[in-house]
């Protein structure tokens with residue numbers, strides 16, 4: 001199974017000559033190439049030598065670079081107490097910069113596994129947000145529990161500091 | 001008159017336009033909210049909710065308020081396809097419902113005194129009644145989740161409730177490995193409803209639905225919604241714009 005997976009991934013490398021710079025997720029590639037490789041084996045032409053034929057698993061240890069204020073890697077912050085529960089984040093550092101924050105734990109007060117009916121097609125509108133300058137009597141916004149978020153993130157970034 | 005306190009660890013703001021608003025009226029409302037916190041805080045050792053979670057009292061011993069919160073929680077769970085549930089990690093935590101309910105009950109205290117023009121706000125959830133000091137609809141800003149000093153929309157409301165659920169409090173993060181970034185993330189969902197209790201419970205539950213949440217709001221009559229995603233794009237319901245003036 002594992003060797004089959006690697007085989008399929010190398011097929012993807014060949015397909016990148018079609019302009020697909022970002023490989024498809026491995027799961028869906030498996031299904032797509034499972035049939036296409038049998039029908040059309042000549043698509044295996046690697047034209048971009050810099051694309052590894054056996055991609056490194058995403059969980060491999062990151063290379064430490066010193067070109068930013070942080071060392072590359074993933075850093076898990078402390079568990080911080082927000083009013084509605086605990087908040088814990090993981091900071092992802094790449095190229096010395098914070099590129100992503102993942103929530104490992106956050107307050108939940110409901111079951112999120114249930115489907116939602118879609119019998120009526122909603123009529124929704126979209127636009128880009130823009131700042132409004134008119135005076136207001138009051139403001140509606142999410143509760144201020146970000147101190148817990150800040151606490152956890154700060155602890156993660158302290159570990160990442162070069 | 002306008003006054004503010006910190007109760008339940010959250011800012012509470014009340015403005016009353018009617019001339020019969022006295023210091024005692026404000027005190028009564030603030031004290032009521034403190035009593036609700038004493039009863040429902042999961043962080044207080046002596047609260048009714050903590051005593052129940054520790055098995056020290058039984059359901060038959062519940063106060064009327066507690067019975068009402070349980071009944072409303074069950075109703076909300078049914079109304080939101082199970083997206084709202086106060087049973088979490090084997091314990092009861094009604095925080096997601098109590099805030100909106102408490103604001104609504106506080107507003108009821110004012111209404112029973114004949115006060116008609118006011119708002120009661122706790123941490124961004126607001127019950128709005130009558131008109132402001134200029135005799136116009138209350139102007140309510142919807143906060144920019146990217147910059148909390150800014151508003152991205154201003155709605156004009158009278159006899160409505162408005163509530164916002166946001167990401168750092170109850171976040172939804174779906175990691176997209178293809179684009180190496182957080183995908184489909186809803187930063188905030190604001191719901192306007194017939195009162196703040198209704199607005200708050202649907203804001204909480206629909207925020208948990210992710211991008212489907214705004215579609216759920218669209219299907220509710222008497223409710224409008226305004227969602228902001230992580231790219232700064234808003235999606236709003238078909239009737240939302242009627243509140244822009």
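A few notes on this one:
- Some residue of the stretch B:58-66 being touching a residue at least 40 places away in the same chain (Cβ under 8 Å), under 26 Å from residue B:208 (Cβ atoms) and either away from chain A (no Cβ under 14 Å) or in a loop (DSSP other than H, G, I, E, B) (or both): no
- Number of the condition not met by residue A:84 [criteria: (1) surrounded by 14 or more Cβ atoms within 10 Å (Cβ to Cβ); (2) at pLDDT below 70; (3) more than 7 Å from chain B (Cβ to nearest Cβ)]: (3)
Yes/no matrix, rows are residues, columns are (1) more than 10 Å from every other protein chain (Cβ to nearest Cβ); (2) farther than 22 Å from residue B:218 by Cα; (3) modelled with pLDDT of 95 or more; (4) exposed (fewer than 15 other Cβ atoms within 10 Å of the Cβ):
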position	(1), (2), (3), (4)
B:127	yes, no, yes, no
B:132	no, yes, yes, no
B:138	no, yes, yes, no
B:155	no, no, yes, no
B:173	no, yes, no, no
B:178	no, yes, no, yes
B:193	yes, no, yes, no
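- Within the set B:84, B:131, the sole residue that is closer than 22 Å to residue B:143 by Cα and assigned to a loop (DSSP other than H, G, I, E, B) turns out to be B:131.
- Pairs, first more than 14 Å from residue A:101 (Cα to Cα) in the stretch A:62-75, second modelled with pLDDT under 50 and loosely packed, with under 14 Cβ neighbours inside 10 Å, C-beta under 7 Å, six or more apart: A:71/A:64
- Filter result (more than 12 Å from chain A (Cβ to nearest Cβ), within 15 Å of residue B:122 (Cβ to Cβ) and in a helix (DSSP H, G or I)) within the stretch B:1-40: B:26, B:29, B:30, B:31, B:32, B:33, B:34, B:35, B:36, B:40
- Positions within the stretch B:67-93 being at the interface with chain A (Cβ under 8 Å from one of its Cβ atoms), over 23 Å from residue B:219 (Cα atoms) and surrounded by 20 or more Cβ atoms within 10 Å (Cβ to Cβ), in sequence order: B:86, B:93
- Residue list for the stretch B:94-123, filter: within 13 Å of chain A (Cβ to nearest Cβ), in a helix (DSSP H, G or I) and either touching a strand residue (DSSP E or B) at 6+ places or on another chain (Cβ under 8 Å) or over 21 Å from residue B:143 (Cβ atoms) (or both): B:97, B:98, B:99, B:100, B:103
- Single unsatisfied condition, residue B:148 versus (1) at pLDDT below 95; (2) assigned to a strand (DSSP E or B); (3) surrounded by 15 or more Cβ atoms within 10 Å (Cβ to Cβ): (3)
- The condition of being surrounded by fewer than 16 Cβ atoms within 10 Å (Cβ to Cβ), more than 18 Å from residue B:206 (Cβ to Cβ) and out of contact with any strand residue (DSSP E or B) (no Cβ under 9 Å at 6 or more places or on another chain) holds for residue B:31.
- Some residue of the stretch B:208-230 being at pLDDT below 90, within 8 Å of chain A (Cβ to nearest Cβ), farther than 25 Å from residue B:78 by Cα and in a loop (DSSP other than H, G, I, E, B): no
- Selection status of residue B:44, free of Cβ contacts under 8 Å to residues at least 12 places away in the same chain, in a helix (DSSP H, G or I) and surrounded by 13 or more Cβ atoms within 10 Å (Cβ to Cβ): no
- Any hit, the stretch A:92-106, residues being under 24 Å from residue B:164 (Cβ atoms), modelled with pLDDT under 80, facing chain B (nearest Cβ under 7 Å) and not in a strand (DSSP E or B): yes
The values are calculated or read from the model by the stated rules, or taken from the named source; none is laboratory data. Since the model is a prediction, treat every value here as computed from it, not as a measurement. Neighbour counts are summed over all protein chains in view; Cβ atoms, including those assigned to glycine, are modelled from backbone coordinates with ideal geometry.
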